[in-house]
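The values are calculated or read from the model by the stated rules, or taken from the named source; none is laboratory data. No experiment lies behind these values; they were computed from the predicted model shown. Cβ placement follows ideal geometry from the backbone for every residue including glycine, while neighbour counts extend to all protein chains displayed. Each accessible area value is taken on the protein alone, full model and side chains, heavy atoms only, with ligands, DNA and RNA left out. Shrake-Rupley method; radii C 1.70, N 1.55, O 1.52, S 1.80 Å.
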Amino acid sequence: MREPPNNPHSAAIPGAGAPPPALPHRQPLETLKTPQACDAESAFTGDDFNFLIRVYWEDTDAGGIVFYANYLKFMERARTEWLRSLGIAQQRLRESTGGMFVVSQAHIQYHRPARLDDRLLVTTRLSRLGAASMTVAQCVFGPIEETAQERTQEHPVKAAEPGQNRFFAPDGQAVALLCGGDIRIGWVNAKTLRPARIPCAITATLARRQDCIS
């Protein structure tokens, strides 16, 4: 999947497999879990699919902070790995069905900036599933400090009071909600780019999650 919205060439997404554990409602977000420390490592840890990413020079602007459009790239990577974890492989799906997913809408709210070398946690959760599109809720948290304890086991990142955009790691370090939003993804014919129904195999995989959050 590729941003920006309405780009017909935005990401193909692929094949269907057995789904992992279920996802509840996005708000309020009460707990997150940090995967074992490793850049670009992802793992199912409870409510959300979590994806760790490091900020590099290429992600920042002249002011040394992450350029706003790059959060969409971070979210795309997290969505791609989320789908991969469900057995939905991009190229295979396009070759077998002749279709692909494209981003049709993106509603993003920015709260705080991320900076060079920050380690960020991107969460992904299915919030709505239709016959020809789905909506995914995503948040970016940071900075996530790597600790010796974190390298060996997973620990929750807990929210402060409801409505606050601050969260706390096990060692007491404060992390913030940097941005969050809803991404709508439609299914199209890869050749004509016309809207079409999502293949049944994919719908069946995603529907198991939708049943748990509807």
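The mean accessible area for residues of region 73-143, using a 1.4 Å probe and ignoring ligands and nucleic acids, is 39 Å² per residue. How far apart, in nm, are two points set 7 Å out from the Cα along the Cα-to-Cβ line at Glu146 and at Cys200? Spacing of the two 7 Å Cα→Cβ label points: 4.7 nm. Placing a label point 7 Å from the Cα of Tyr68 along the Cα-to-Cβ direction, the residues of region 78-117 whose backbone N falls under 18 Å of that point are 105-115. Rounded to the nearest 20 debye, the dipole magnitude of region 84-131 is 120 debye, with +1 charges on Lys and Arg beta carbons, -1 on Asp and Glu beta carbons, and the Cα centre as origin. Once the Cα-Cα distance is subtracted from the 0.36 nm per residue extended length, the Asp182 to Tyr56 segment shows a gain of 42.9 nm.
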